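Below is one structure, written out as structure tokens; comments come after it.
The values are calculated or read from the model by the stated rules, or taken from the named source; none is laboratory data. Just so it is clear, the structure is predicted and the values come from calculations on it, not from any experiment. FYI the Cβ positions are ideal-geometry reconstructions off the backbone, even for glycines, and counts take in every protein chain you see. Surface accessibility is based on the protein's heavy atoms, side chains included, excluding ligands, DNA and RNA. Shrake-Rupley method; radii C 1.70, N 1.55, O 1.52, S 1.80 Å.
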Amino acid sequence: MLDADFFRRWMTATAASVDREAERLTALDSAIGDADHGSNLQRGFTAVTAVLEKEAPQTPGAVLTLAGRQLISTVGGASGPLYGTLLRRTGKALGDAAEVGTERLAEALRAGVDGVMTLGGAAPGDKTMIDALVPAVDALATGFAAARAAAEEGAQATTPLQARKGRASYLGERSIGHQDPGATSSALLIAALADTAEADGE
Amino acid sequence: MSEDRAVGIVLVSHSAEVAASVAALAKGLSGGAAAVPVAPAGGTGDGGLGTSAELIAAAAASVDRGAGVAVLTDLGSAVLTVKALLAEGDELPDGTRLVDAPFVEGAVAAVVTAAAGGDLDAVEAAAAEAYAYRKV
């Protein structure tokens, strides 16, 4: 079972991963976006780590809703409301349970991903974070490692796609041949989840 | 319309200068609109290009006179941030609405309509109608 501390470590692991990969995310975003994805997410997850330490929420749902709220207020770019909505919706779907199992987490993450699709209007194949998140949630029933692999494959599979959402969509066919930065950072989020679970022996 | 019940208008742009200039333009082009509460929410909190949820929430609170607040936005993250704040439920005043309209033309139409005593529905309709104005 996964408790509030697990979710806090997931967020901290994501922040560390975003720190490590910020330059790569920004490089991907300079090809088809406005070259700030790495620094925006870095600012957001640094703030998430700080607020979780300060407020120490007591349930998995509370950890994720607080983290999501923080992303919406600090990121400054579209990834803020998108990741913020993902985490908040997931957190709300978890309710106030003190511990949750993998199956419940998968259901809640699906609600979160649905919230992102509603907010941004993106569907699978539009070359967005959805292309990593949907396969990851589908695979989570099989286990955390499967989710990590599915997210990474989904992110890589965005390379030949033409962007249909966000700033990259203005580039039309010129967006083809570049891996989507949002799908890439989503794969980091899922990888951090799997790493945290494996460190726990889940 | 009494002055203290006008619809409030918030203009959200990635740029502080754009938001402030469009607010000044809209008020300037709608003579007598001095009573309409219009607030720009442009750029990030530290003066960069982007969207700040805090600036948006503060701007909406500052123009709320109890008759609703119409929020107009420019691109991408401005739209998404306002939608996310509305979904939060308690971040923006009651009766706050994201208005689907072109930013500059919609802002002028919204301020003129609010100055004429229009309610939130009328302000929204006038701003949205600006999409129908073809230039060529």
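Before moving on, here are some points about what is shown:
- The criterion of at least 2 residues that are within 14 Å of chain B (Cβ to nearest Cβ), open to solvent by 10 Å² or more (accessible area, probe 1.4 Å) and under 30 Å from A:Y170 (Cα atoms) is met, among helices (runs of 4 or more DSSP H) falling completely within the stretch A:1-117, by A:37-55, A:60-74, A:79-94.
- Index of the failed condition, B:V136 passing every other in (1) open to solvent by 40 Å² or more (accessible area, probe 1.4 Å); (2) of a type in the set (V, I, T); (3) modelled with pLDDT of 95 or more: (3)
- Of all residues in the stretch B:41-58, exactly one satisfies the criterion of being in contact with a strand residue (DSSP E or B) (Cβ under 6 Å, 6 or more places away or on another chain), surrounded by 24 or more Cβ atoms within 10 Å (Cβ to Cβ) and not small (G, A, S), namely B:I56.
- Flag if B:V123 is open to solvent by less than 60 Å² (accessible area, probe 1.4 Å) and in a strand (DSSP E or B): no
- Only listed residue being surrounded by 23 or more Cβ atoms within 10 Å (Cβ to Cβ), closer than 23 Å to B:E129 by Cα and more than 14 Å from chain A (Cβ to nearest Cβ), chosen from B:V7, B:V18, B:V112, B:V12: B:V7
- Residues being in contact (Cβ under 8 Å) with a residue 24 or more places away in the chain, open to solvent by 60 Å² or more (accessible area, probe 1.4 Å) and not basic (K, R) - total across the stretch B:26-39: 2
- Note on the stretch A:85-119: residues that are closer than 19 Å to A:I130 by Cα and acidic (D, E) amount to 2.
- Residues of the stretch B:70-109 that turn out to be of a type in the set (D, E, K, R) and either away from chain A (no Cβ under 12 Å) or within 24 Å of A:G33 (Cα to Cα) (or both), as a count: 6
- Looking only at residues of the stretch B:43-69 that are part of a strand (DSSP E or B) and within 12 Å of chain A (Cβ to nearest Cβ), we find that the one that is farthest from A:V75 (Cα to Cα) is B:G43.
- Between A:L87, A:L25, the distinction of being under 30 Å from A:G177 (Cβ atoms) and in contact with a Gly (Cβ under 6 Å, 6 or more places away or on another chain) belongs to A:L25 only.
- Any hit, the stretch B:67-77, residues being at pLDDT below 95 and farther than 17 Å from B:A23 by Cα: yes
- Each residue in the stretch A:156-173 was checked for being in contact (Cβ under 8 Å) with a residue 60 or more places away in the chain and open to solvent by 80 Å² or more (accessible area, probe 1.4 Å), and 1 of them qualify.
- Test: residue in the stretch A:10-17 that is under 23 Å from B:T51 (Cβ atoms), without any contact (Cβ under 8 Å) to a residue 12 or more places away in the chain and aliphatic (A, V, I, L, M): no
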